[in-house]
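Down below is the structure, laid out as structure tokens.
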Amino acid sequence: MWSVLRRATSGVRWYVRELTDESAYERYVAHVCRDHPDAEVPDRRAFERMRTERQEADPRQGFRCC
């Protein structure tokens, strides 16, 4: 019973993180480490700043009202 509940909770957590794009930083870090091992990995704050600037520069990246 507990394993089923734990598995369901884990699945819901994964789904919510993917839906809200909360896992984007982890995916980016994995990409940098795998494909650019000599590059410096930015911290979470710098990553979010880069991501926001990219979205605002290109309206096709998503709508941001405020």
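Mind listing whichever residues of segment 24-66 are in a helix (DSSP H, G or I) and among the basic types (Lys, Arg)?
Arg27, Arg34, Arg44, Arg45, Arg49, Arg51, Arg54, Arg60
Hey, among the residues in segment 26-66 that are modelled with pLDDT under 85 and open to solvent by less than 80 Å² (accessible area, probe 1.4 Å), which one's nearest to Trp14 (Cα to Cα)?
It comes out as Gly62.
Taking Asp21 and the conditions (1) assigned to a helix (DSSP H, G or I); (2) surrounded by 11 or more Cβ atoms within 10 Å (Cβ to Cβ), which numbered condition does it fall short on, given that it satisfies the others?
(1)
Does Val12 fit the bill of being over 17 Å from Arg51 (Cβ atoms), modelled with pLDDT under 95, of a type in the set (A, V, I, L, M, F, W, C) and open to solvent by 80 Å² or more (accessible area, probe 1.4 Å)?
yes
The values are calculated or read from the model by the stated rules, or taken from the named source; none is laboratory data. Remember, predicted model here, so these are calculated numbers, not experimental data. Reconstructed Cβ throughout: ideal geometry from the backbone, glycine too, with neighbour counts over all protein chains shown. Areas reflect the complete protein model, heavy atoms only, side chains present, ligands, DNA and RNA absent. Shrake-Rupley method; radii C 1.70, N 1.55, O 1.52, S 1.80 Å.
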